[in-house]
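Have a look at the structure below, then the notes.
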Amino acid sequence: MKQNIITALDIGSSNIRCIIAKIKTPEHIEVLGISQNPSEGIEKGIVKDIQAVAEAVKKTIKEAENAASTKAINIFTNVTGEHIRTVLSDGRISIPTNSPNEPGEITQEHIDQVIADARNSVKIQKGFERSQILHAIPQCFIIDGQDDIRNPIRMTGFHLMTKVLTIFGEVTPLRNLAKCIELAGYDLEPDNFILNHIAISESVLSDDERRLGTLLIDIGGGTCDLSLFHRGVLEKVLVVPMAGADITEDLAIGLKTTLSNAEYIKTHYGVALANSVDPDMEIEIEGISGRASQRKSQVLVSHVIQHRVEEMLTLCYEHLKNFYTPELVTAGIVLTGGTAKLQEIDAVVKNIFNLNVKIATPNLNRLNGSISRLEDSDFATCVGLLYYAASLDRDYKNAVRIPGNFQASKLFDKIKNIIKEFTSS
């Protein structure tokens, strides 16, 4: 693979994060620049103020470019929201043979054809006219009635079938998100929208977790993104429009303080299990617009948090309970996202789902450079976007370096003029 520059852009409801990296091989990725800023104008994965999002995106990408000394190109961005839909469909093709009674050998071209057949069968269904296919994930293959085949390449048969999980996003929110990036001065290819669930799984799940069965729950600022993996395959994705921002808003209302101070309290003093908090501990609560501050017990703060966390996770359970049985989720739950950093949240998750819980951070084994900042669940999506992009067999645009500062340029010009005068005399 050529050495390519890739830009991972995580546009979340709370923060926008960007990583610019050089992909040398899929297993060797050099991080060049990292940036993070609060987001504006996007809620629960949907653009609410296109200009505000564009400005926040521009600021974040520019900071990453300055750190990397190269332009942000080949941008990949995440997408989530209630507009995400999935359909399980069938594809079927005949394998060309040399004689009627001899089976043909299956190649990658045949795999692509049968997946395309499944995709096309969904696209013509009513209700998907204004949707874009984001991913088509084969669940298994069937050769002449023999099912549950994982990799049919180089096997032989007369007919190849597959079941495909096709993931759609509505065109309007996708176009608005792309427009934000365009208004910021950058390009986004239509195929470079990556479902948030898939991006995160690339950075936090092991092969064993995928194979043995895992519920991946990403609790961000605007949504809880739920993914069910079994036998190495993504089998179900769901989006619950409730997450960290709802906890912050509850705190602001309950404590009569600003949203920014409520976020600070949640981040620094938030505990999701109230009975684990010191009952004598008090927190200074800032008043709104110059009003007097007051002291509140940390137990009260934790009760507010616990109530919303339990409501949110119960809703997640209700969405998921019809799609899995506990014995098919041997590895349990992997929890990630910014809200996963709340103290004792894993205990609340375990109580509701009755499954083992692991709080995950990105696996950085494939990265080098200044990457200590990425050892945080906040960057799970961004790192996953890099890994996903690195796995694609594509020719990307070439890197464009950003010129040095103006003084350095002037010095370089002076040196060139001196050399020119010397050689011409």
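Note down the relative contact order for the chain as a percent, whole number, built from C-alpha pairs under 8 angstrom at least six residues apart.
18 percent
All alpha carbon pair distances within the range 97-254 were sorted into 10 Å bins beginning at 0; the resulting P(r) in whole percents reads 9, 27, 32, 20, 8, 3, 1, 0. Given R0 = 41 Å, the distance between the Cβ atoms of S370 and T97 translates into a calculated FRET efficiency of 0.15. Alpha-carbon geometry of the chain: the Rg and the Dmax are 24.8, 88 Å, given in that order.
Taking 28 Å as the cut-off for C-alpha to C-alpha distance, list the pairs among K44/K236; K256/K341; K71/K123; K126/K163; K71/K266; K44/K350 that go past it. Spell out each step's value before the answer.
On the way: K44/K236 20 Å; K256/K341 24 Å; K71/K123 36 Å; K126/K163 20 Å; K71/K266 36 Å; K44/K350 25 Å.
The pairs that break the limit, which is 28 Å between Cα atoms, are K71/K123; K71/K266.
Over all directions, the projected convex hull of the C-alpha atoms in the range 85-170 averages 5.7 nm² in area. Neighbours of R295, meaning other residues whose beta-carbon lies under 10 angstrom from its beta-carbon, give a summed charge of -1 when Lys and Arg score +1 and Asp and Glu score -1.
Show log10 I(q)/I(0) for the range 186-227 at q = 0.32 Å⁻¹, two decimals, from a solvent-free Debye sum over equal Cα scatterers. The Cα Debye sum returns log10 ratios of -1.12. Overall size of the range 238-379 from C-alpha positions, given as principal axis extents largest first: 53, 42, 29 Å.
Could you tell me the calculated FRET efficiency between E30 and N120, based on Cβ-Cβ distance and R0 = 45 angstrom, to the nearest 0.05? Efficiency for this residue pair is about 0.70.
For K179, give me every one of the aspartates and glutamates with a C-alpha distance below 18 angstrom, ignoring sequence neighbours fewer than eight places off in its own chain. Here the aspartates and glutamates satisfying the reach criterion relative to K179 are D10, E40, E43, D49, E55, E170, D187, E189, D191.
For the pair L315 and A52, the difference between a 0.36 nm per residue extended length and the Cα-Cα distance amounts to 91.6 nm. Students often get this wrong: which residues of the range 248-265 have the backbone nitrogen under 17 Å from the point 7 angstrom along Cα-to-C-beta of M281? Backbone N within reach: 262-265.
When you restrict to C-alpha pairs under 8 Å that are six or more residues apart and normalise by the size of the range 85-170, the relative contact order lands at 45 percent.
Between the C-alpha center of the range 185-230 and that of the range 40-82 there is a gap of 18 Å.
Full extension of the chain segment joining D148 with F128 gains 4.4 nm, where the gain is 0.36 nm per residue of separation less the Cα-Cα distance.
Working from Cα pairs under 8 Å separated by at least six residues, relative contact order for the range 244-311 is 37 percent.
Quick note: the coordinates plus some simple rules give every number you see, no bench work behind them. Since this is a predicted model, take the numbers as computed values, not measurements. Note that we place each Cβ from the backbone using ideal geometry, even for glycine, and neighbour counts take in every protein chain shown.
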